[in-house]
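Since the structure comes first, as structure tokens, the remarks are kept for the end.
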Amino acid sequence: MRIVNLLLIISCCTVTTYTNASEVVIENVKTDKKANGTYSFSVTLSHADKSWDHYANLWQVETVQGEVLARRVLHHPHVNEQPFTRSLSGVKIPKGINKIVIKAGCNIDGLNSKSVEVRI
């Protein structure tokens with residue numbers, strides 16, 4: 001019985017560590033307002049990509065209220081390219097918005113609990 005309890009405790013700790021280690025870290029965000037009023041975003045991410053089974057698969061631009069304005073889907077793992085930067089252009093930001101939120105996530109855990117606010 002004690003061995004079973006010990007194995008249960010060890011497995012719970014392992015799952016907790018794995019979950020915490022898998023968040024996508026937003027390392028940097030660059031914005032550029034274009035002449036036509038749209039924005040380009042370059043977002044640098046890091047994540048312990050393992051394979052096609054577990055990798056950073058998106059980042060998105062949101063309003064502070066949580067409305068998704070644009071999403072950059074990442075179509076493959078970046079196992080040997082960490083951190084990595086991907087861009088998205090043609091993003092329309094509604095008038096009166098002077099701050100946006102960048103969120104990122106992976107195909108296993110979804111969106112991170114942490115986000116980055118950016119003044120535009």
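No lab work stands behind these numbers, since they all come straight from the coordinates. Quick caveat: nothing in here was measured; it's all calculated off a predicted structure. Every residue, glycine among them, receives a Cβ derived from its backbone with ideal geometry; neighbour counts consider all protein chains shown.
If you stretched the chain out fully between N107 and Q65, how much longer would it get, using 0.36 nm times the residue separation minus the C-alpha to C-alpha distance? Walk me through the intermediate numbers first.
Values: separation 42, 0.36 × 42 = 15.12 nm, distance 2.38 nm.
Difference between extended and current length: 12.7 nm.
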Legend entry - Selection of trypsin sites (Lys or Arg not before Pro), the stretch 76-120, meeting DSSP coil and at most 14 other Cβ within 10 Å: K92, K95, K114
Inset, instruction - Over the stretch 24-119, calculate the relative contact order: mean separation of alpha carbon pairs under 8 Å at least 6 apart, over the residue count, as a percent. - result: 32
